[in-house]
Structures are given as structure tokens and as C-alpha cells.
Amino acid sequence: MTEFIWPVRVYYEDTDSGGVVYYANYLKFMERARTEWLRSLGFEQDELLKRDNILFAVRSLSLDYLKPARFNDRLLVSARISARGRASMSFDQTVRREGREAEILCTGQVRIACLAADTLRPHALPPHIFTELPDGR
């Protein structure tokens, strides 16, 4: 699987007083897509914490806001690994308006670190996860 797509509906609570999606909510939409991508591979984050003592944290990100999403829009949020390391993964993500035109509203590059939950220090991705990940090429 090279690109994972997760549908999102814009709710009133996602918008500002002008009915436009508040900028920080794009980060939430992207987080949901990455979480559902991981789940689609058979990994639940709470189980990874219990079994492997790992968690994932955003290390860095860059977003480009191109067009606004509005109340009640149906969006498609994608996540694709662009690179992976021993203890990190980088994602290219987009938020598109659903429909024939599929306008790109926001793009992002997000770097995720794998951490040991007890120390919050970098931790190598467990082999059972690493082997399931696309290599980012």
C-alpha cells in the first residue's frame, strides 16, 4: 500500500466563526489518517504501548495551506510514507475536498519518532512493525 486515504467530514466544531476550518484542525485530520493507516496494518497504538513499550510522537512538520475547507465539506486525507529510518517515519500527507475535482486544500510533511514509553527516548521500530512498512520509495 503506497497511499492510505481516510474520509473526514467537516463538523461545525472544526470551523471558526467564518465557517472555515480552523488551521490547527488539519493537523487533527492528518493524525487520524496516520492512526487509521497504522490500524489498517494491524497495529493498535494502545497495544503497542502495552506490548512493546513504544509510542509515536510528531518530531517535526511542515504544512502548506492552499484553499479553505468549510463546514460540511467531505474531505479525503492521505498518508504516504516518504522515508523511514530505524526509529522514525516521514509522511507526505494531503487534505483534498472530495469530488470530481478533488481540490488539494492542504499538504504536509510530518516526521514521526518512535519512542520508548518509559523514557521518551528514541527506540528502534520493532521488527514486526518495520517489516510491514513500505520503504518510502
Counted residues in the stretch 80-137 being touching a strand residue (DSSP E or B) at 6+ places or on another chain (Cβ under 9 Å), polar (S, T, N, Q) and in a loop (DSSP other than H, G, I, E, B) come to 0
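What about VAL20, is it of a type in the set (A, V, I, L, M), over 20 Å from HIS128 (Cβ atoms) and more than 12 Å from the chain's Cα centre (by Cα)?
Numbers: of a type in the set (A, V, I, L, M): yes; over 20 Å from HIS128 (Cβ atoms): yes; more than 12 Å from the chain's Cα centre (by Cα): yes.
Yes: the conditions hold for VAL20.
For the stretch 35-46, check the following and say yes or no: at least one residue is among the basic types (Lys, Arg) and surrounded by 14 or more Cβ atoms within 10 Å (Cβ to Cβ).
So in the stretch 35-46, the residues among the basic types (Lys, Arg) come out as 39.
Still in the list and also surrounded by 14 or more Cβ atoms within 10 Å (Cβ to Cβ): none.
No, because not a single residue in the stretch 35-46 is among the basic types (Lys, Arg) and surrounded by 14 or more Cβ atoms within 10 Å (Cβ to Cβ).
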How many residues are surrounded by 15 or more Cβ atoms within 10 Å (Cβ to Cβ), in contact with a helix residue (DSSP H, G or I) (Cβ under 9 Å, 6 or more places away or on another chain) and at pLDDT below 95 when one looks only at the stretch 90-137?
2
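Taking the stretch 37-79, which residues are of a type in the set (A, V, I, L, M), outside any strand (DSSP E or B) and in contact with a helix residue (DSSP H, G or I) (Cβ under 9 Å, 6 or more places away or on another chain)?
Step one: list which residues in the stretch 37-79 are of a type in the set (A, V, I, L, M), which gives 38, 41, 48-49, 54-55, 57-58, 61, 63, 66, 69, 75-77, 79.
After this cut, where a residue has to be outside any strand (DSSP E or B) as well, the list is 38, 41, 48-49, 66, 69.
Answer for the stretch 37-79, where residues must be of a type in the set (A, V, I, L, M), outside any strand (DSSP E or B) and in contact with a helix residue (DSSP H, G or I) (Cβ under 9 Å, 6 or more places away or on another chain): LEU38, LEU41, LEU48, ALA69.
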For ASP52, indicate whether it is open to solvent by less than 80 Å² (accessible area, probe 1.4 Å) and within 26 Å of TYR11 (Cα to Cα).
no
Looking at ALA69 and the list (1) of a type outside the set (S, T, N, Q); (2) closer than 28 Å to VAL20 by Cα; (3) exposed (fewer than 15 other Cβ atoms within 10 Å of the Cβ); (4) out of contact with any Gly (no Cβ under 9 Å at 6 or more places or on another chain), which single condition is not satisfied?
(3)
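Please go through the stretch 1-36 and give me each residue that is assigned to a helix (DSSP H, G or I) and among the basic types (Lys, Arg), ordered by number. Steps first, answer last, please.
Residues of the stretch 1-36 assigned to a helix (DSSP H, G or I): 12-14, 25-36.
Residues satisfying the conditions are LYS28, ARG32, ARG34.
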When the stretch 3-34 is checked residue by residue, the ones that are open to solvent by 70 Å² or more (accessible area, probe 1.4 Å) and of a type in the set (Ser, Thr, Tyr) are TYR11, TYR12, SER17, TYR22, TYR23
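The values are calculated or read from the model by the stated rules, or taken from the named source; none is laboratory data. Everything numeric in this text was worked out from a predicted model, so none of it was measured. Every residue, glycine among them, receives a Cβ derived from its backbone with ideal geometry; neighbour counts consider all protein chains shown. Accessible surface is based on the protein model in full, side chains and every heavy atom, while ligands, DNA and RNA are left aside. Shrake-Rupley method; radii C 1.70, N 1.55, O 1.52, S 1.80 Å.
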